[in-house]
Each structure stands twice: as structure tokens, then as C-alpha cells.
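Engineer: If you scroll down you'll find the structure; I have some questions about it.
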Amino acid sequence: QRSTEDCKLLVAADAHHKMFSIIRSCNRSSPHLELIRVILSVLTNLAQHRSTLADLANEKAVDALSDLVHMFRDKSKIIALSASLLEKMLRTSKRLTSTYSTQENTKRLNSILLMSKKKTSKLDGIQKGIHCL
């Protein structure tokens, strides 16, 4: 876990935007899955601080995380990290929550949740990411 100052430096350098760009360019290959997992871990560390979380939480980030939850719905580590980060971002901004809480998004995430529950019991924490909608 990094200090608040280190996290602020990463955000000031626009590292989070670059990380989301990298995530969007990844496919489902094993090396890319590992890269996505590492990037999500870094973003999760950045999101632990209120000052940096506010900078992370925007529509592009929420869209990227929502896409990850959908694209990697069969990858428990990716979906758990993505859903947790998605929840943090949505809880940070009422504007983002109202923009994102469409019937379509809720339906899509609920169907992923149901499918995931059937496939594995490792995803107990995933419900949090959908619960805030």
C-alpha cells in the first residue's frame, strides 16, 4: 500500500488514465489477464484515499470497469477487483450513480451476478458492486 503522497503523484501524472487505456487495449490472453489484475490492484490502492478517489471516479472509469465486469465475468479475480472498484467510485459520486444506474446497466450486472453465483462461490464480494445501484 502506497502513501497518500505517492498516490497523489500518480494521479497528478495522469497515470490512472493511462492505466485505463491499457486495460481497454487488453484481450483475454493470460499475460493480459495478469496485467489487468495488477493494474486493478494499483487502482484499488489509489482509491483508498479520498483525495485520489475523487480524481479517479469519472464516467470513463466507470464505463471501463463496467466493461471489465462484463467481458471477464468468468474470471473471478478480475470481476471481484473490478466490481469492488466500481462500487467505490459509484459511492463517491451521486452524479455518477444516477448516470450509471440505468435499467440496462442494472439488468446486465444482475445477469452477470446470477451467472457468477452459479459458476463459483468465490464471488461473494461481487454483490457489493451491484448492490449500490
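The values are calculated or read from the model by the stated rules, or taken from the named source; none is laboratory data. Here the structure is a predicted model, which is why all the values come from computation and not from measurement. Quick reminder, even Gly has a Cβ in these numbers, built from the backbone with ideal geometry, and neighbours come from all protein chains shown. For the accessible areas, the whole protein counts, side chains as well, though only heavy atoms, and no ligand, DNA or RNA atoms are used. Shrake-Rupley method; radii C 1.70, N 1.55, O 1.52, S 1.80 Å.
Engineer: What's the total number of residues in region 32-57 that are among the polar types (S, T, N, Q) and at pLDDT below 90? Full working, then the answer.
Structural biologist: Taking region 32-57 as the starting set, the residues that turn out to be among the polar types (S, T, N, Q) are 41, 44-45, 48, 51-52.
Filter again for at pLDDT below 90, leaving 51.
Residues in region 32-57 being among the polar types (S, T, N, Q) and at pLDDT below 90: 1 in total.
Engineer: Give region 55-88 a look and list any residue that's assigned to a helix (DSSP H, G or I), more than 8 Å from the chain's Cα centre (by Cα) and more than 14 Å from Ile23 (Cα to Cα), or say none.
Structural biologist: Of everything in region 55-88, those that are assigned to a helix (DSSP H, G or I), more than 8 Å from the chain's Cα centre (by Cα) and more than 14 Å from Ile23 (Cα to Cα) turn out to be Asp55, Leu56, Glu59, Ser76, Lys77, Ala80, Lys88.
Engineer: So the check is Cβ under 7 Å with 6+ separation or different chains; which pairs have a first residue in region 1-23 that's charged (D, E, K, R) and a second one that's assigned to a helix (DSSP H, G or I)?
Structural biologist: Arg2/Asn45; Lys8/Ser51; Lys8/Thr52
Engineer: Further, regarding this structure: Condition first: within 24 Å of Ser111 (Cβ to Cβ), part of a loop (DSSP other than H, G, I, E, B) and touching a residue at least 40 places away in the same chain (Cβ under 8 Å). Can you find one or more residues in region 32-49 that meet it?
Structural biologist: Just the residues of region 32-49 that are within 24 Å of Ser111 (Cβ to Cβ), to begin with: 33, 36-37, 40.
Cutting the leftovers down to part of a loop (DSSP other than H, G, I, E, B) gives us none.
So far as region 32-49 goes, no, none of its residues is within 24 Å of Ser111 (Cβ to Cβ), part of a loop (DSSP other than H, G, I, E, B) and touching a residue at least 40 places away in the same chain (Cβ under 8 Å).
Engineer: How about region 49-72: which of its residues are open to solvent by less than 10 Å² (accessible area, probe 1.4 Å), aliphatic (A, V, I, L, M) and under 20 Å from Ile112 (Cβ atoms)? It would help to see each step written out before you state the result.
Structural biologist: Restricting attention to region 49-72, the residues satisfying the condition of being open to solvent by less than 10 Å² (accessible area, probe 1.4 Å) are 52, 56, 61-62, 64-66, 68-69, 72.
Of the ones still in play, those that are also aliphatic (A, V, I, L, M) are 56, 61-62, 64-65, 68-69.
Within region 49-72, Ala61, Val62, Ala64, Leu65, Leu68, Val69 meet the criteria.
Engineer: I've got another one for you. Condition test on Ser29, is it over 16 Å from the mean Cα position of the chain (by Cα), small (Gly, Ala, Ser) and at pLDDT 90 or above? Please lay out each step first, then the result.
Structural biologist: On the way: over 16 Å from the mean Cα position of the chain (by Cα): yes; small (Gly, Ala, Ser): yes; at pLDDT 90 or above: yes.
Here the answer is yes, as Ser29 does meet what is asked.
Engineer: Within region 91-99, does at least one residue satisfy the condition of being at pLDDT 80 or above and either under 12 Å from the mean Cα position of the chain (by Cα) or outside any helix (DSSP H, G or I) (or both)?
Structural biologist: Yes, region 91-99 contains a residue that is at pLDDT 80 or above and either under 12 Å from the mean Cα position of the chain (by Cα) or outside any helix (DSSP H, G or I) (or both).
Engineer: With the requirement that a residue be surrounded by 20 or more Cβ atoms within 10 Å (Cβ to Cβ) and touching a Cys at 6+ places or on another chain (Cβ under 6 Å), what does region 21-48 give you?
Structural biologist: If the condition is that a residue be surrounded by 20 or more Cβ atoms within 10 Å (Cβ to Cβ) and touching a Cys at 6+ places or on another chain (Cβ under 6 Å), then Ile36, Leu46 are the ones that fit.
Engineer: Just give me the residues in region 7-31 being among the polar types (S, T, N, Q), in a helix (DSSP H, G or I) and under 17 Å from Ile79 (Cβ atoms), in sequence order. Walk me through how you get there before you give the answer.
Structural biologist: Filtering region 7-31 down to residues among the polar types (S, T, N, Q) leaves 21, 25, 27, 29-30.
Add one more test, that the residue is in a helix (DSSP H, G or I), and what stays is 21, 25, 30.
The answer is Ser30, and nothing else.
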